[in-house]
Amino acid sequence: MVSEKIKTSLAPCGLSCEKCFAHVDGDIRRYSLKLKEKLGNFDIYANRFETLLDNPIFSKYSDFKEMLDYFAAKNCRGCRNEQCKLFKDCGIRICHQEKHIDYCFQCDEFPCSRTNFDKHLYKRWVLINEKIKKTGIEQFYEKTKTRPRYV
């Protein structure tokens, strides 16, 4: 039986919900909020530093801030708690609920075409589920829980 901690962390597709930039309790969101707090009203200083330090990189601060705001604003609670807020057309959650399975690799039809993933994510999904099937969910989780999601 798979622990609730692992189920909460790993979506039915095998990707780590907690490591997703949109997860409400994820490190990316938490650090984005912290960085926004630490930067304060850096906009004014970015303009000044562009001139004072003669470095055009500071002219891109507004783009950086916009991305940071985006990361900080996301609030997904994970695929087992709600429909994915990023991949609105994801077919896995519905399929996993219909079939009453915890992970895709447990399905007789794996791999299938119901995911609605692009080629890159589909390939990654297959590889992840093959690893889980080979090593077991607990071992897979242990090996990946400290690794970045976006590798």
Under the Karplus curve 6.51 cos²θ - 1.76 cosθ + 1.60, θ = phi - 60°, whole-Hz ³J(HN,Hα) for segment 83-97, x wherever Gly or Pro sits: 4, 4, 7, 8, 9, 4, 9, 4, x, 6, 4, 4, 4, 5, 6
Measuring from the lowest to the highest alpha carbon on each principal axis, how far does segment 25-73 reach, largest first, in angstroms? 38, 16, 12
Using only the alpha-carbon atoms, how far is helix 61-73 inclined from the longest principal axis of the chain? Give it as 0 to 90 degrees, nearest 10. 40
Residue-averaged 222 nm ellipticity for the chain, from DSSP H runs of 4+ at -39500 (n - 2.57), nearest 500: -15000 deg cm²/dmol
Using per-residue counts of other Cβ atoms within 10 Å, averaged over each peptide, order 122-131, 8-17, 63-72 from highest down. 8-17, 122-131, 63-72
Cα axis of helix 42-52 to longest principal axis of the chain: angle in degrees, 0 to 90, nearest 10? 60
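Values quoted throughout were computed directly from the atomic coordinates according to the rules given, and no laboratory measurement underlies them. None of these values were measured; they are calculated from a predicted model. Here the Cβ is made from the backbone with ideal geometry for all residues, glycine too, and neighbour counts use every protein chain on show.
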